[in-house]
Every structure is written in structure tokens, then in C-alpha cells.
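Trainee: Input: one structure, supplied below.
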Amino acid sequence: MPEDKSLEATGLGLIQDSHNNPKHLAASLDDGSVCIWDVRPRHTDSDLSQGRVVGKTSPGLLSGGYRAGQSREEIKAIMTETGAVESVSIDSDRGRGYFAQNSTLVEVDLATLQVVSQDVFPFPVAALSQSRDSSLVVGTNWTIHIHDPRNKSKSPVDPDLQCESIGGPSSSHASLSQPGPLSILDRAEDESFWIAGRFTHLLNYDRRFFPRIRGTVHSGGRISCITETHHPYVPRSLDLLQNPSITISDVYAAKTALGSTILAAGEYKGKGSLEFYGLAPSSSGSVIIESYRNRQTAASTRLLSVAAHGHSTVFSDGDGNLKWVERDGMTAIRSYNINDAVDPPSFNQAQSAAQGHEEEPSQGDIVQKIIPLRPSAGPWSSKRSDVNQTDLVLKTGDGRIGVLGFGYNTLFTKEEEEAIVETTEQRERRDAEKQYRETLGRALQSQADEVRFMRGLGLMG
């Protein structure tokens, strides 16, 4: 983090260059500022390029600033009140960033880091899609909107008239029967978008006929994240190891068929749920032809984020784990816990924080958002040829941002790690401390999520 190391990121988005290669990261911070980091490979600029801060606004830019008489604590409360993970959307073509804070969507010029416009919605913004064709989908606690910043003819929403947006004309928005959208997938292939969240269905809308709903798919789980991989879904019935009667030509035909796969991660009856929905093109748009839900071996806790990583799938859970699986959704490839990469607080510090004597920044961190740094063209292509081992940008529950890479060299420093020789007693103590921090962290995170959700419903002051 720049300057003040106590700053936390509340949202994160990826800025791409003209070749669709990763260039910068843009994040909203809990002091109301916007910060931009360089994520290009070192050899494209200098040894100091990757990971350095290339720009930061003054505090309070997204919340009205200290000019409105807001204190640092008040700004932090505004920036963290909703707890939305998908709160940043980037339009790389126009050089614009859209940052949601509470009920306001702030448009920022990423070149000058100045506010371009602000739009107020009737309810707190819970999720943003990625910007496409200069527009984006905005999901509030109770409504869905297609936001086009070029349309300046619309009048701002009066926050005091929230009831009218539900019972009045619905030509500009779709109302939700249940609150809580958490993730939005916008598809250019068929001009449709999918909404997932705390409700048990995936909602499908067609942009051309919005706000009329196109269809729903029953999941049964509560989905935290929804995304897409541009590989067709291959049913588990075509696994040659499980079904030797399948021919190679059958498998090849399935892998080369037209279509893509929706990836969803969430929770079902207290356990992690990893879900795959195979899409195939049709005359009326893409339709789901196959589905698979792994609710047995994905994780013992809620899944928080999912992304396509080359030909595999990577997802995170409530214990701080990142797990990779094959395209069948079950075959494990590798796993990694982000808490093994940081210096944890001592056991006594964790006890003190649990008793309320002091506030610790982390009791076992979790990954809330995964952004693969997929190479497209130019210098990125020569950095690493294996698309299954591209770097991953991570945003954690404690508001930290990092990059997870493969290999033996560190990404941002040239310091060599010191070898630590542990005795059996020290290792047992470290494992006990880790288990305590993870248990306490899950309890605190669950309590914070419940408070934010109830506050979004207007049931708490």
C-alpha cells in the first residue's frame, strides 16, 4: 500500500492495454482514494516496474472528500459499509473506472484521476459487471440497472423516493423478488447477462429486451462469484478413466465443440459448491445443455471466488485456500494457502484481539477476488508460455492486494528467503496458532457479513 501501510483495498479492477494485455491495477481504498499499480512484467520497463504505484488520488475522492467535513473514520465507514466485492468496473477503451460506494457510482478518468460523473441509485450497490461497449450492469440490493454513462438525459435518483422505484415504472430497471446480488457476468456473444447472489437461482437477462427476464436456472446454493471460460463443457461421462468404452473421437468432439462454460462458486448447506454450466449457441441465444455441481469435495467452507486459469479452474474458500481442479470440476491439481506466505500474529496477540483488547488486521486471511493476468500479445507472450501458470492477482478479506506466481523467484523483490529450521514442538505450536486464527477469523467474518446484510435490508441503524 502507498504511504500509509494501514490502508485497505475495498475494490479492485484490471486495466488492459490496446492489445488486451494486463497493464495496471486500479483499486478503491478505505480512505476514499483510488490507487493504481503497474502489473506489467519487469522486462517491459525496468526492474522496478511490476508492483510499483503509478498514481494515487487524494483521500476522500470517492466519498466527497474531507471538503464535506468528513473525518477519516467516517470515510472508512462509508467505503466499507456494504462490503461489496465486485465494486470496481474498468472501461480500458475509454480510460474510465467506475467505483461503487454505498448507493453512489463514481466515474473516474484513469489518466487524470479526476471524477467525471456521479450517479445515485435507489439502494446500495452490491455488484458491478465489467464494462462492455461503454456500458455496465449495476446490481443494487433490490434492483438491476443497465448503466450507460454517455446517456446524460436521465435525472438523478432521489434517495428519499426508494419505494417509488419498486412500485413505479420499471422501464429503466428490473426489480428483484429477493435481495442480494453478489456477482454479474456480462456476455457479448449473445447480448445477455447473468445475475447470481444470495438467492438460489441464476437470473438471465437479454440486454435487447431488458428489463424482461429471459430465464432462470436453479442452483440451490448461494453464489458468491460467477464467471466464464471460453472452453466448452466436457461432461464427466466422457472421462476415459471412468468409462473406458468412450472413444478418443468422442472426447475430441466434445472439447472442440462450439460453446463455453459458466463457472460459479458459492455455498450449499454450509459447504463449498463449485458449479459448471455448459452453454451452447442456439437461434434464441445461448442455452445451458449440461451442468455439474461439486458439493462433496470442493471445500468444507463457503467458496468465495472462482476464475478460469488456462485449461483449469481455480477457486478460493473460507479457510484461505486456493485450489485448482481440472475441467471436470473434481480432479484436484494443486492447492495453496495464502496464510502460509505471510508472517502471522502471535498466539497471544490473537487471544488479545479476540478479547477486545486490541485490533489485529488479520486472524487468518481469505481470498475474495481472483484476477488472472492472462497474456494476449506482445511482450507478455514471451514471459511464460504455459497459460496454466500465469500470475494471479488476489484481493483478500483484510483489504490486501498481491500477486501469486509460479516458480522459485519472488515477484516484487530480489531478496532470498531464509531457511527456517523448525523443531517438532515449534511446528506443532505454529499449527495450533494457525488453526486458532482460522477458526476465529471465520467467526468474525461471518458476523461482519451478517451485519452488512442486515444493514442493507434496513433492519439495523
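The values are calculated or read from the model by the stated rules, or taken from the named source; none is laboratory data. In this text the structure is predicted, and so the values were computed from the model without any measurement. We place every Cβ from the backbone using ideal geometry, glycine too, and count neighbours over all the protein chains shown. In case anyone asks, the SASA skips ligands and DNA or RNA and just uses the protein heavy atoms, side chains included. Shrake-Rupley method; radii C 1.70, N 1.55, O 1.52, S 1.80 Å.
Trainee: Please give the strands (runs of 3 or more DSSP E) falling wholly within segment 57-110 in which 1 or more residues are hydroxyl-bearing (Ser, Thr, Tyr) and free of Cβ contacts under 8 Å to residues at least 60 places away in the same chain.
Mentor: 96-101, 104-109
Trainee: Okay, next question. Test each condition in (1) more than 20 Å from residue 266 (Cβ to Cβ); (2) touching a residue at least 12 places away in the same chain (Cβ under 8 Å); (3) among the hydroxyl-bearing types (Ser, Thr, Tyr) for residue 200 and report the one that comes out false.
Mentor: (1)
Trainee: Considering every residue within segment 421-429, establish whether at least one is within 16 Å of residue 319 (Cβ to Cβ), in a helix (DSSP H, G or I) and either at pLDDT 75 or above or open to solvent by less than 50 Å² (accessible area, probe 1.4 Å) (or both).
Mentor: no
Trainee: How many residues are of a type in the set (Phe, Trp, Tyr) and under 24 Å from residue 374 (Cα atoms) when one looks only at segment 230-284?
Mentor: Residues that pass the stated criteria total 3.
Trainee: Additional query: Looking only at residues in segment 212-237 that are farther than 14 Å from residue 275 by Cβ and outside any loop (DSSP other than H, G, I, E, B), which one is least open to solvent (accessible area, probe 1.4 Å)?
Mentor: 215
Trainee: So in segment 30-63, with the set limited to residues that are more than 20 Å from residue 92 (Cα to Cα) and at pLDDT 75 or above, which one is most open to solvent (accessible area, probe 1.4 Å)?
Mentor: My answer is 58.
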